[in-house]
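The values are calculated or read from the model by the stated rules, or taken from the named source; none is laboratory data. The structure displayed is predicted, hence computed values, not measured ones. When we count neighbours, we look across all protein chains shown, and the Cβ atoms used for this are built from the backbone with ideal geometry, even at glycine.
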Amino acid sequence: MDIQSIRQRADLSFDTAVAKRNALERARSRQLVAHNDHLFMADATMINLVHVLKQRLAVFFVLDINNNPCEIKDAEVFLQLLVQRNQESLNQYHQLCEQLKRRG
Amino acid sequence: MSAGVLIYCFDTPHVLYHPMANLCIDLVRLNLKLPVTVVTNKDTMPFIQNADGCVLVNNQKTNYRHHKQTLVPWYNQERSSAYEHSPYSTTILLDADYLVYTDNLLQVIKGASDFMLHDRVHDLTNRNIFNYPTKSMIPMVWATVVIFRKTALAQNIFSMVKHVQQHYDYFCNLYRIDFVNFRNDYAFAMALNQLSPDRSLYSLPTAMNMLPMDAKVLKADHNGIIFSYEKFINLVTAQDTHVLDKEAIKNV
């Protein structure tokens, strides 16, 4: 491979890295959700925590983004909200990654 | 509860801010569907379009900043009065050059926090050029997007910002801030440090997207922003973005 091709490949690689990082940041921004006047990140950690606590307790407490406790009485509604927002953001991220793959 | 957006916009002899403010207003109405109030002066007010209300002030004109190796006027000294200027019980205070392409901020105003702003930024050019830890001995915050409720806590914070502003040189020395001209980001950082060293109480959990000064905006409209830097051209869509290139205003 000549140096010109390698440089083009390097530019493409840089472009891809920037696009992925920006899209991941967009996904993270989208994962911020409000519930019972508290803010949460709809990320894997929160989804797993709520899922586990819901199986054991009817009412439980979780910490919001500011480390304030929030009483969860409607776990199913809360979990649904978290999953929905998480998957919405990651679906968009997935679509972008697929586009990037096709570009090579 | 009334919620709305407050924007400060003052044209200077060097930069016309109102085209960017008008785009900002349009995007807020489109994506957040909230009323917008603009704080402005009598020279800029005739150019403000589609705002739900305007607050006229006689703004201070004593501050300057470096812009591409020249010293230009910088009318940024009114923001500490946002608590008094806002007609809303819950306010999203935005820079005129913060372009809102999502409804993400609606989630934030549903939270119970009385005061929130960004303490992290994401450089959309991926060079992380906003990380300058040696410029100050306190953690940086960004006053570009400030969400506050009309409560005693928020009022205290804005009062402290005014106090810092009045004694800016003293506080800059105290915190070893390497930025001689008045800058709201530092004024808010110092005020918050005085009132509450626990950053987690007021920090937004997401990073603010920034387009650096050297990223040239080729086009900015209701769909997104096309920008270039070095030899790259890129596009921002569905991502709220703070645009630092004031020359971009010509291209809006």
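Some notes on this structure:
- Filtering B:Thr37, B:Thr44, B:Thr91 for residues that are surrounded by 17 or more Cβ atoms within 10 Å (Cβ to Cβ), closer than 24 Å to B:Met160 by Cβ and in contact with a His (Cβ under 8 Å, 6 or more places away or on another chain) leaves a single hit, B:Thr37.
- Qualifying positions in segment A:56-104 - at pLDDT 95 or above, among the β-branched types (Val, Ile, Thr) and within 27 Å of B:Asp119 (Cα to Cα): A:Val62, A:Val83
- Within segment B:67-113, tally of residues that are assigned to a loop (DSSP other than H, G, I, E, B) and within 12 Å of B:Val28 (Cβ to Cβ): 5
- Looking only at segment B:27-41, and only at residues there that are of a type outside the set (Val, Ile, Thr) and part of a helix (DSSP H, G or I), the one that is nearest to the chain's Cα centre (by Cα): B:Leu27
- The listed residue being crowded, with 17+ Cβ neighbours inside 10 Å, free of Cβ contacts under 8 Å to residues at least 60 places away in the same chain and more than 14 Å from every other protein chain (Cβ to nearest Cβ), out of A:Ile47, A:Ile65: A:Ile47
- Taken together, the residues in segment A:74-102 that are in contact with a helix residue (DSSP H, G or I) (Cβ under 8 Å, 6 or more places away or on another chain), away from chain B (no Cβ under 14 Å) and either of a type in the set (Asp, Glu) or farther than 18 Å from A:Leu24 by Cα (or both) amount to 3.
- Within segment B:181-203, being part of a helix (DSSP H, G or I) and more than 14 Å from chain A (Cβ to nearest Cβ) holds for B:Asn184, B:Asp185, B:Tyr186, B:Ala187, B:Phe188, B:Ala189, B:Met190, B:Ala191, B:Asn193, B:Gln194, B:Leu195.
- Scanning segment A:78-97 for residues that are more than 10 Å from the chain's Cα centre (by Cα), under 24 Å from A:Ala19 (Cα atoms) and hydrophobic (A, V, I, L, M, F, W, C) returns A:Leu96, A:Cys97.
- Scanning segment A:1-33 for residues that are outside any helix (DSSP H, G or I) and either out of contact with any strand residue (DSSP E or B) (no Cβ under 8 Å at 6 or more places or on another chain) or more than 7 Å from chain B (Cβ to nearest Cβ) (or both) turns up A:Met1, A:Asp2, A:Gln31.
- Qualifying residue in segment B:162-169 (condition: out of contact with any helix residue (DSSP H, G or I) (no Cβ under 9 Å at 6 or more places or on another chain) and within 14 Å of chain A (Cβ to nearest Cβ)): no
- Search result, residues across segment B:205-215 that are modelled with pLDDT of 90 or more, surrounded by 21 or more Cβ atoms within 10 Å (Cβ to Cβ) and either at the interface with another protein chain (Cβ under 8 Å from one of its Cβ atoms) or touching a helix residue (DSSP H, G or I) at 6+ places or on another chain (Cβ under 7 Å) (or both): B:Thr206, B:Asn209
- A:Arg103 being more than 30 Å from B:Thr90 (Cα to Cα), free of Cβ contacts under 8 Å to residues at least 60 places away in the same chain and surrounded by fewer than 18 Cβ atoms within 10 Å (Cβ to Cβ): no
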